[in-house]
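The values are calculated or read from the model by the stated rules, or taken from the named source; none is laboratory data. What you are looking at is a predicted structure, and each value in this text was computed from that prediction instead of being measured. Don't worry about glycine lacking a Cβ; one is built from the backbone with ideal geometry, like all the others, and counts go over all protein chains shown. The protein model used for the area step is the full one, side chains on, heavy atoms only, and it has no ligands, DNA or RNA in it. Shrake-Rupley method; radii C 1.70, N 1.55, O 1.52, S 1.80 Å.
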Amino acid sequence: INKFRCQRLDLNGNTRNCFLTGNPDSQRNFIGKGLRCLLNVPSTGVYRNAHHSSGRFCFQSSQPPGEKITSLQISSLGQLPHHFSPWNFPITRSLRTSPSFQAAPVPLFWIIVKPAQKLLAIILGRSIRNWWKALPPNKRELFKESARKNKWKILLGVSSLGVVFIMFYFTHLEETPITGRARLLVFGKEHFRELSQMEYEMWMEEFKNQMLPETDARYQVVERVVGHLSESNKDIPEVSALKWVIHVVDEPDVNAFVLPNGQVFVFTGLLEAVSDIHQLSFILGHEIAHAALEHAAEKASLVHFLDFLSLIFLTMIWAICPRDSLAVVGQWIQSKLKEFMFDRPYSRTLEAEADKVGLQFAAKACVDVRASSVFWQQMELAETIQGQPKIPEWLSTHPSHENRAEHLDRLIPQALKLRESCNCPSLSGPDPRLIFRLNMRHLLESSKDRETPNSTKQDPSKPKPDFAHT
């Protein structure tokens with residue numbers, strides 16, 4: 001994106017369900033066929049987004065007033081009940097969000113001059129080629145002979161240039177907050193916080209007519225979730241140092257992002273898409289992790305470093321290729337190789353790291369972290385139902401839904417231990433992952449039954465299993 005967002009998908013249907021994608025017609029057809037929300041199991045004790053009437057949110061808890069809110073329900077009441085008070089934390093009313101890639105004065109300068117750098121590299125390479133073509137044959141031979149005689153000096157010069165780049169790389173390595181991973185950081189975080197203010201003003205101008213008021217229940221639930229996450233993780237300097245400011249945009253896109261300076265943007269499409277407050281907490285924890293880990297500055301630093309290196313290869317391409325058309329093709333191949341070998345894999349690495357840290361943030365906030373992998377399984381299921389083609393992961397800036405769910409499943413046991421160490425109340429009810437699998441099986445069996453010809457009668461001695469009551 002690169003803005004570290006959830007996938008942008010249309011969810012304008014009148015009926016709410018637990019899926020994250022789909023247009024109104026696909027949702028109505030899906031529900032009209034008798035298929036209920038996969039997570040809407042009465043015995044779980046967890047409220048789901050099962051209906052929607054007036055578009056107002058009401059958040060209810062089946063727990064006593066002294067316990068934390070564990071679920072999210074949409075209803076027509078349009079107000080928050082008093083027993084929601086445990087989520088009331090003193091936080092700023094406005095929260096800022098950040099797309100994945102920002103820049104500030106210094107980064108902005110390099111972004112502006114980047115086209116000029118490429119143009120200069122092309123002009124230089126083309127000039128070298130034309131100069132070589134214009135040389136008489138005898139001078140070309142003299143030049144080649146001189147190069148052969150001084151090949152060790154040339155090799156030494158090229159090696160010295162490589163050593164300079166290597167030294168620059170290792171002298172600009174820093175340790176990533178929280179995870180301790182070594183990463184290249186050319187631009188300081190203060191630069192990006194300055195530029196994020198500029199980007200914040202841009203987003204506010206774009207969405208100025210779509211911002212929900214602070215009195216809206218949807219705004220209040222985002223405020224309380226973010227407040228709970230920041231309060232539970234205030235021992236982390238990167239979280240406590242930011243002033244979190246919330247903005248809820250009335251848009252059907254399933255989207256949320258956080259700016260490096262703490263501005264949080266959440267679209268109402270995301271609130272309608274999540275199945276419960278646990279999934280919402282994990283998603284917002286993931287976005288907050290991007291800001292806390294300073295992924296924007298890290299990504300911009302890598303892009304800047306690779307772009308500078310690519311200028312050398314770009315000059316060589318235009319100098320070696322005999323024609324401009326071949327040089328253009330070579331330049332395109334070089335850019336694609338850089339994109340698919342470095343840029344996109346690195347983006348997927350940052351997304352996986354944000355998933356890991358976001359899960360830790362959610363665990364310390366006493367969220368049911370098991371719901372995190374269900375979120376991505378729902379995304380996978382929704383795309384399958386709608387017949388959307390699967391894009392290979394290596395073509396994307398984000399891990400595939402399936403791989404993200406598997407990655408989170410491997411992290412959940414450790415997150416549960418962290419949750420327990422924070423003296424969180426025990427999780428009650430069945431594992432949401434088990435519920436999802438059982439309902440998936442029920443869904444598949446129901447689909448097979450509908451495909452059976454009417455002339456085929458089911459054996460009454462073999463009743464269909466009711467997984468909803470298992």
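For this structure, a couple of remarks:
- Computed from the C-beta positions of Val164 and Leu434, the FRET efficiency with R₀ = 41 Å rounds to 0.15.
- With N as its number of residues, the range 329-382 has a Cα radius of gyration that, divided by 2.2 N^0.38 Å, comes to 1.68.
- Share, in percent, of DSSP beta bridges within the range 186-336 that are antiparallel, nearest 5: 45
- Estimated FRET transfer efficiency (Glu393, Ser127; beta-carbon r; R0 41 Å; 0.05): 0.50
- Cα-Cα pairs of the range 298-355 separated by more than 18 Å (percent): 42
- When Phe436, Phe342 are compared by accessible area at a 1.4 angstrom probe, the order from most to least is Phe342, Phe436.
- When Ile312, Ile112, Ile236 are compared by accessible surface with a 1.4 Å probe, the order from highest to lowest is Ile112, Ile312, Ile236.
- Whole-Hz ³J(HN,Hα) from phi, Karplus 6.51 cos²θ - 1.76 cosθ + 1.60, for the range 147-161, glycine and proline x: 5, 5, 5, 10, 4, 6, 5, 5, 4, 5, x, 5, 5, 4, 4
- With all protein chains modelled, accessible area of Asp250 [1.4 Å, Å²]: 80
- In this view, the solvent-accessible surface of Leu173, computed with a 1.4 Å probe and all protein chains in place, comes to about 60 Å².
- One decimal place: the segment Asn403-Lys417 gains 2.8 nm when fully extended, by the rule 0.36 nm per residue minus the C-alpha distance.
- Protection proxy ranking of 220-229, 124-133 - average other beta-carbon atoms within 10 Å, highest first: 220-229, 124-133
- Of Thr397, Thr349, the residue with the largest accessible area leads and the full order is Thr349, Thr397 (1.4 Å probe).
- Residue-by-residue Karplus 3J(HN,Hα) for the range 246-252, coefficients 6.51, -1.76, 1.60, Hz, glycine and proline x: 9, 9, 10, 9, 7, 9, x
- Summed over the residues of the range 104-220 and divided among them, the accessible surface reaches 68 Å² per residue at a probe radius of 1.4 Å.
- Shown here for the range 343-418: trypsin sites (Lys or Arg not before Pro) in loop regions (DSSP other than H, G, I, E, B) with at most 14 other Cβ atoms within 10 Å, namely Lys390.
- 14 Å beta-carbon shell around Ser325, net charge (K/R +1, D/E -1): +2
- Two-site label geometry, Glu251 and Gln210: point separation in nm, points 7 Å out along Cα→Cβ: 0.4
- Just so you know, the Rg over Rh for the range 145-223 is 1.38, from Cα atoms, with Rh as the Kirkwood radius.
- For the range 341-356, putting each phi into the Karplus relation 6.51 cos²θ - 1.76 cosθ + 1.60 with θ = phi - 60° gives couplings of 9, 10, 4, 5, x, 5, 4, 5, 5, 5, 5, 5, 5, 5, 4, 5 Hz, in residue order, rounded to whole numbers and with x for Gly and Pro.
- Shown is the FRET efficiency for Thr171 and Asn150, computed with R0 = 35 Å from the Cβ-Cβ distance and rounded to the nearest 0.05: 0.70.
- Among 297-303, 321-327, 373-379, sorting by the average number of other beta carbon atoms lying within 10 angstrom of each residue, highest first, gives 373-379, 297-303, 321-327.
- Cα→Cβ-extended label distance, 7 Å offset, between Glu141 and Arg181, nm: 5.7
- Which listed pairs, of Lys356/Lys390; Lys133/Lys336; Lys243/Lys299; Lys336/Lys390; Lys149/Lys336, have C-alpha distances above 32 Å, in listed order: Lys149/Lys336
- Low-density loop cleavage sites - chymotrypsin sites (Phe, Trp or Tyr not before Pro) in the range 202-256, where at most 10 other Cβ are within 10 Å (DSSP): none
- Difference of contour (0.36 nm per residue) and Cα-Cα distance, Trp332 to Ile111: 77.6 nm
- When the solvent-accessible area of the range 350-444 is split by element, carbon and sulfur atoms take up 56 percent of it, the probe being 1.4 Å.
- Part-to-part distance (alpha-carbon centres) for the range 231-252 and the range 106-174, which is given in Å: 46
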